[in-house]
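To start, the structure under review is shown below, and the notes come after it.
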């Protein structure tokens, strides 16, 4: 598949058609590619990443502020950080197959750059910046809300349950909590995930959900219930 077809495929995935295709290509151009081909570094995605990061912070801050009118500032900051951290954005990039479409230098390609969270999350922010320049804040907001801030109330609840489990265990000096997807069922548009939470490598709870976050929430809730019952016994 040629470059033009790749760009068209990505636009179909994200539901946004660029008026200026150069912006999209720049968003997908890693600095290693620009360096190898002796392209002006301004033509790689670093400037768009800078802009996209700022646009993402504005949109996510506004969204959280409106969605949670009674949430304190400190909790809003923690929630925003969880939603737009490198790991979260790399997962968003993975969902649209961004890594496979990046323009990478040979060295970065050889070192697995297409799946590196640092590379794909930066490209995702660059894509936000490109959409903002091409279509304005409305287009950027539509993209961010659909691809980053989806189901934010359920994800906030998931975070709260996991935080409660962590705080409960920290009081007893238990050191390691891990979550692992142990099963996936159903078609792509209606998957059900089963997640297992382990405490110091011992399985403590299972949870099911339509996405990984809600399944983790359910697993954390099951673990909390088990721990509290054990303490009472």
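Before moving on, here are some points about what is shown:
- Restricting attention to region 190-204, the residues that are in a strand (DSSP E or B) and farther than 15 Å from residue 163 by Cα total 8.
- Which numbered condition residue 121 fails, given (1) touching a helix residue (DSSP H, G or I) at 6+ places or on another chain (Cβ under 8 Å); (2) part of a helix (DSSP H, G or I); (3) touching a residue at least 60 places away in the same chain (Cβ under 8 Å); (4) within 22 Å of residue 9 (Cβ to Cβ): (3)
- Some residue of region 140-162 being closer than 30 Å to residue 38 by Cα, without any contact (Cβ under 8 Å) to a residue 60 or more places away in the chain and surrounded by 21 or more Cβ atoms within 10 Å (Cβ to Cβ): no
- Taking (1) modelled with pLDDT under 95; (2) outside the structural domain of residue 16 (by TED's automatic domain parsing); (3) within 21 Å of the chain's Cα centre (by Cα); (4) surrounded by 12 or more Cβ atoms within 10 Å (Cβ to Cβ) in turn, residue 114 satisfies each apart from (2).
- Boolean, residue 33 is in a helix (DSSP H, G or I) and either in contact (Cβ under 8 Å) with a residue 12 or more places away in the chain or at positive phi (or both): yes
- Being in contact with a helix residue (DSSP H, G or I) (Cβ under 7 Å, 6 or more places away or on another chain) and either assigned to a loop (DSSP other than H, G, I, E, B) or closer than 15 Å to residue 164 by Cα (or both) is a property that does not hold for residue 225.
- Checking each residue in region 79-111 for being part of a helix (DSSP H, G or I), in contact (Cβ under 8 Å) with a residue 40 or more places away in the chain and within 17 Å of the chain's Cα centre (by Cα) picks out 79, 82, 83, 84, 88, 89, 92, 95.
- Scanning region 33-48 for residues that are at pLDDT 90 or above and buried (at least 20 other Cβ atoms within 10 Å of the Cβ) gives 44, 45, 48.
The values are calculated or read from the model by the stated rules, or taken from the named source; none is laboratory data. Quick caveat: nothing in here was measured; it's all calculated off a predicted structure. Note: ideal-geometry Cβ built from the backbone for every residue, glycine included; neighbour counts use all protein chains shown.
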